[in-house]
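Participant: Please see the structure below; I have some questions.
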Amino acid sequence: MSDLFFYGTLRHMPLLELVLGRPASKLEFAQATLNDHAVYSVKDQAFPMIVHENASIAKGLLVRGLTEEDHGRLTFYEGGFDYDLKAQTVDLSDGSKVQALVFYPEPGLWTRAQLWSLQDWVDEWGAMTLLAAQDVMGYYGKIDAEQIARSFPAIRMRAWAKLAAHQRMTGDARETAKDVILHDHRRAYVNYFGMEEVALQHRQYDGSMGNVLNRSSLMQGSAVIVLPYDPVRDTVLLVEQFRAPIFLAEDPEPWMWEPVAGMIDPGETPEQAARREAEEEAQIFLDRLEFAGGAYSSSGSSTEYLYLYVGLADLTKTIESGGLASEGEDIRTQILPYQDFMDRVDCHGFKDLPLLAVAHWLARHRERLRG
């Protein structure tokens, strides 16, 4: 048994309950403070860090009597954030002092930003973090903390996409709570992508429940697709890069001509992601985005949702080394006159479905954009 002092996101009781796997009614906790410390937001991240700072006071939550199993679950979860445990003396509201363990980040790993607020974090990141934590803790006991740590960025990306999916209503009167029965849900694999398996029944069109179905899904975040178009010069820009899945399909041409594309990071809007990806992959700046629709890319096998855009820009140069080296990207671009581009579409010269979708949208709206 031991006591831990939580100063950051685990002060949010729903998250602590999820990580420990038991309700707050089964925990012994009290408000506490740690002298000569302050809690700051981490630059470009959705969690805080604690630092030594003379005369400052870090507010927190002291949780007592944690078991070996609790420690295992906490280490698994916090291991994804590169924390280490250290002993400190914390103060309770009754004036007493107790020894407790505190999670400290690896020195120099992150850059601190402004002072951190629990309520501000709950408002902005709480819902996404709970979804991500459900995913993470679903792998507890199946893989090690180091492996889940490598998957954390992609897990948060998928959680951000789930939040967007919660708002994706079209008016269907059916309710999954009444019309779907979930018998089993298993997280089978996690890396950059995840793979989940379910056994379920859903209501059929005659009103009855169908047979139990065993299905699996590739779990992905949401992505943006952007076809850069220059309405003055009447040209489009395409990017080319090697695609491993096409290689695995034994297609002899795994280098694909595509629109600009990329995943939406947590905290980003699709529009922000579209502009970022255009700069990273093609080194161009978009003057305006035209929304060409949104849809699931392969609803029978994947959770990926695509936001499609035509991005208006001045297209005057191509590159041979675009993309981010940190992501293993090696991208080149080409600029095509609109008619040459559409001729290749009509002659089946492209193998990327999102490219065909935005090409046909552009064909319908080109005169308006040029006007």
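Participant: Among (1) of a type in the set (A, V, I, L, M); (2) farther than 19 Å from Ala100 by Cα; (3) in contact with a strand residue (DSSP E or B) (Cβ under 6 Å, 6 or more places away or on another chain), where does Leu18 come up short?
Facilitator: It fails just one condition, (3).
Residue-by-condition table, conditions (1) assigned to a helix (DSSP H, G or I); (2) of a type in the set (A, V, I, L, M); (3) under 18 Å from Ala282 (Cα atoms); (4) open to solvent by 80 Å² or more (accessible area, probe 1.4 Å):
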{"site": "Gly300", "(1), (2), (3), (4)": "no, no, no, no"}
{"site": "Tyr307", "(1), (2), (3), (4)": "no, no, no, no"}
{"site": "Val310", "(1), (2), (3), (4)": "no, yes, yes, no"}
{"site": "Leu315", "(1), (2), (3), (4)": "no, yes, yes, no"}
{"site": "Phe341", "(1), (2), (3), (4)": "yes, no, yes, no"}
{"site": "Leu356", "(1), (2), (3), (4)": "yes, yes, no, no"}
{"site": "His360", "(1), (2), (3), (4)": "yes, no, no, yes"}
{"site": "Ala363", "(1), (2), (3), (4)": "yes, yes, no, no"}
{"site": "Leu369", "(1), (2), (3), (4)": "yes, yes, no, no"}
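Participant: Here's something else I'd like to know. So which residues in segment 171-222 are of a type in the set (A, V, I, L, M, F, W, C), part of a loop (DSSP other than H, G, I, E, B) and either surrounded by 11 or more Cβ atoms within 10 Å (Cβ to Cβ) or on the phi > 0 side of the Ramachandran plot (or both), if there are any at all?
Facilitator: Phe193, Val212
Participant: Just to verify a result, which residue in segment 94-121, among those that are modelled with pLDDT under 90, part of a loop (DSSP other than H, G, I, E, B) and closer than 19 Å to Leu10 by Cβ, is most open to solvent (accessible area, probe 1.4 Å)?
Facilitator: Glu106
Participant: Turning to a different aspect of this structure: Give me the residue from segment 24-39 that is of a type outside the set (S, T, N, Q) and at pLDDT 95 or above and, out of that set, most open to solvent (accessible area, probe 1.4 Å).
Facilitator: Going through the qualifying residues, I end up with Asp36.
Participant: Restricting attention to segment 1-16, and to residues there that are among the hydrophobic types (A, V, I, L, M, F, W, C) and open to solvent by less than 10 Å² (accessible area, probe 1.4 Å), which single residue is nearest to Gly126 (Cα to Cα)?
Facilitator: Leu15
Participant: Further, regarding this structure: From the residues in segment 223-247 that are open to solvent by 10 Å² or more (accessible area, probe 1.4 Å) and not hydrophobic (A, V, I, L, M, F, W, C), which one is farthest from Ala295 (Cα to Cα)?
Facilitator: For segment 223-247, the residue satisfying everything is Arg233.
Participant: Can you find, within segment 248-261, the residue that is surrounded by the most Cβ atoms within 10 Å (Cβ to Cβ) among those that are over 14 Å from Ala359 (Cβ atoms) and not aliphatic (A, V, I, L, M)?
Facilitator: Pro254
So that you can scan it fast, the table gives a plain yes or no per residue for (1) more than 32 Å from the chain's Cα centre (by Cα); (2) farther than 28 Å from Phe152 by Cβ; (3) not in a strand (DSSP E or B):
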| site | (1), (2), (3) |
| --- | --- |
| Ser25 | no, yes, yes |
| Ser41 | no, no, no |
| Ala46 | no, no, yes |
| Ile50 | no, no, no |
| Leu61 | no, no, no |
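Participant: Among the residues of segment 274-290, is there at least one that is touching a Phe, Trp or Tyr at 6+ places or on another chain (Cβ under 6 Å), open to solvent by 20 Å² or more (accessible area, probe 1.4 Å), outside any helix (DSSP H, G or I) and among the aromatic types (Phe, Trp, Tyr)?
Facilitator: Checked against the condition, which is being touching a Phe, Trp or Tyr at 6+ places or on another chain (Cβ under 6 Å), open to solvent by 20 Å² or more (accessible area, probe 1.4 Å), outside any helix (DSSP H, G or I) and among the aromatic types (Phe, Trp, Tyr), segment 274-290 yields no hits at all.
Participant: Looking at the structure I just gave you, is Leu61 buried (at least 20 other Cβ atoms within 10 Å of the Cβ) and touching a Phe, Trp or Tyr at 6+ places or on another chain (Cβ under 8 Å)?
Facilitator: Taking the combined requirement at face value, the residue satisfies it.
The values are calculated or read from the model by the stated rules, or taken from the named source; none is laboratory data. Just so it is clear, the model here is predicted, and its values are computed rather than measured. Neighbour counts run over all protein chains shown; Cβ positions are idealised from the backbone, glycine included. Note: accessible area is taken over every heavy atom of the protein model, side chains too, but ligands, DNA and RNA are not part of it. Shrake-Rupley method; radii C 1.70, N 1.55, O 1.52, S 1.80 Å.
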